Amino acid sequence: MSDHAPNHPGAPDSATPEVLAEVTRAYQSLRAEIRKVIVGQDEVVDQVLMAVLSNGHAVVVGVPGLAKTLLISTIARTLSLSFSRIQFTPDLMPSDITGTEVIQEDRATGQRALKFVKGPVFANVILADEINRTPPKTQAALLEAMQEHQVTAGGVRHELPKPFFVLATQNPIEQEGTYPLPEAQLDRFMFQIMIRYPTAAEEEEIVRRSSVRAAVTITPTLDAASILRVQQLVRAMPVADHVIRYALRLVRATRVKEAPDPGVTRPRLVEEYLAWGAGPRASEYLVLAAKARAMLSGQTSASVEHVRSIAKPVLRHRLMTNFNAEADQVTTDDIVEALLKEVSPEGLSGTDKRLMDSVSR
């Protein structure tokens with residue numbers, strides 16, 4: 001990025017039109033590099049980039065063969081950051097991720113001392129491949145790293161490099177030999193991103209490219225300083241009170257154990273099919289992701305529509321359905337759609353509400 005880019009020490013603390021234009025150009029360059037390898041999946045790529053620019057983590061869920069690993073590794077290659085790929089297996093131990101202490105002898109003095117040898121988690125971008133194939137003890141080894149950006153070994157804290165992202169993959173249909181992530185760890189992922197089958201035209205292009213097997217050169221577009229600066233700009237972006245209140249209304253409407261807020265009608269699907277609703281982290285991530293969406297769109301503030309556009313990836317893994325939902329094949333995405341249709345921002349007119357309902361459908 002140029003000297004006027006967000007990583008420049010003299011750059012402003014808020015997203016001016018000039019800075020937004022620079023961020024948009026960098027984003028378009030990122031997308032162009034990623035398209036050299038990845039066909040389609042534009043919304044998936046956008047959501048991963050939003051997580052990165054918001055300093056959040058993401059888990060990508062999809063059936064085998066949809067290039068989940070390739071997608072994340074390609075995005076990592078477009079960033080001038082250190083990258084580690086950890087293949088999660090049933091026999092993986094926590095120390096295989098975080099590192100371990102070993103005894104080393106000083107040849108000059110003959111004295112022995114413990115030295116911490118860093119594991120693969122000490123990188124900017126961590127690809128946690130098939131994260132649900134390892135037992136909870138090893139899954140939990142990532143908790144401190146994801147939340148505190150540090151690793152504690154032998155009572156000593158070791159800071160992780162900045163920026164730091166965990167981008168995980170998960171197979172939703174493979175059940176044997178898997179260990180579903182506990183809700184506490186799922187909640188630490190900003191997004192749960194669903195990757196779908198490609199369209200017929202996209203799949204044709206995938207087959208055509210794979211048959212040629214030409215080498216593709218990826219040019220890194222953003223460095224660590226640039227990403228950290230954009231993260232600051234996302235945090236500093238203004239957001240109106242009514243947008244924050246709308247995010248809160250969506251999240252609080254999912255809490256079936258509590259009475260609904262005044263003026264909020266809880267959707268039938270929530271009442272019948274949710275066992276537990278989303279916590280405060282969901283509200284925080286809704287607003288933060290809306291800011292990132294606005295910035296990538298070249299806009300100076302987040303709006304209600306930005307909140308609505310990222311509601312599913314933020315909420316789907318934070319809602320716990322009951323047995324009735326499983327029996328009736330009602331998913332958390334169905335419940336979020338009902339929320340978007342029936343929970344409106346404060347002061348919204350009937351005409352505006354009907355317009356939003358038509359957009360949701």
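The values are calculated or read from the model by the stated rules, or taken from the named source; none is laboratory data. Since the structure is predicted, the reported quantities are computational estimates derived from the model, not experimental observations. Don't worry about glycine lacking a Cβ; one is built from the backbone with ideal geometry, like all the others, and counts go over all protein chains shown.
Data for the structure
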quantity	calculated
Thr178 in a strand (DSSP E or B) and surrounded by 13 or more Cβ atoms within 10 Å (Cβ to Cβ)	no
Residue selected from the stretch 31-66 under the condition of a type in the set (A, V, I, L, M, F, W, C) and free of Cβ contacts under 8 Å to residues at least 60 places away in the same chain, by the criterion nearest to Glu148 (Cα to Cα)	Val45
Residue in the stretch 34-47 that is nearest to Gly298 (Cα to Cα), counting only those that are hydrophobic (A, V, I, L, M, F, W, C) and surrounded by fewer than 22 Cβ atoms within 10 Å (Cβ to Cβ)	Val45
Residues within the stretch 131-148 that are buried (at least 20 other Cβ atoms within 10 Å of the Cβ) and in a loop (DSSP other than H, G, I, E, B), tallied	1
Counted residues, the stretch 218-265 - those being under 13 Å from Lys291 (Cα atoms) and either charged (D, E, K, R) or without any contact (Cβ under 8 Å) to a residue 60 or more places away in the chain (or both)	2
Output for the stretch 25-50, where each listed residue is among the β-branched types (Val, Ile, Thr), under 19 Å from the mean Cα position of the chain (by Cα) and modelled with pLDDT under 85	Ile38
Residue check for Val151: in the same structural domain as Arg188 (by TED's automatic domain parsing), crowded, with 20+ Cβ neighbours inside 10 Å, modelled with pLDDT of 85 or more and over 19 Å from the mean Cα position of the chain (by Cα)	yes
Odd one out for Ser210, checked against (1) exposed (fewer than 13 other Cβ atoms within 10 Å of the Cβ); (2) modelled with pLDDT of 85 or more; (3) of a type in the set (S, T, N, Q)	(2)
Only one of Ser303, Ser283 that is touching a residue at least 40 places away in the same chain (Cβ under 8 Å), surrounded by 15 or more Cβ atoms within 10 Å (Cβ to Cβ) and hydroxyl-bearing (Ser, Thr, Tyr)	Ser303
Residues located in the stretch 52-103, provided they are of a type in the set (A, V, I, L, M, F, W, C), in a loop (DSSP other than H, G, I, E, B) and buried (at least 16 other Cβ atoms within 10 Å of the Cβ)	Leu66, Ala67, Leu81, Phe88, Leu92
Filter result (among the small types (Gly, Ala, Ser), buried (at least 17 other Cβ atoms within 10 Å of the Cβ) and more than 24 Å from Asn322 (Cβ to Cβ)) within the stretch 236-256	Ala247
Restricting the stretch 195-220 to residues that are hydroxyl-bearing (Ser, Thr, Tyr) and part of a helix (DSSP H, G or I), the residue that is farthest from Asn55 (Cα to Cα)	Ser211
Subset tally (residues that are in contact (Cβ under 8 Å) with a residue 40 or more places away in the chain and loosely packed, with under 10 Cβ neighbours inside 10 Å) for the stretch 104-127	0
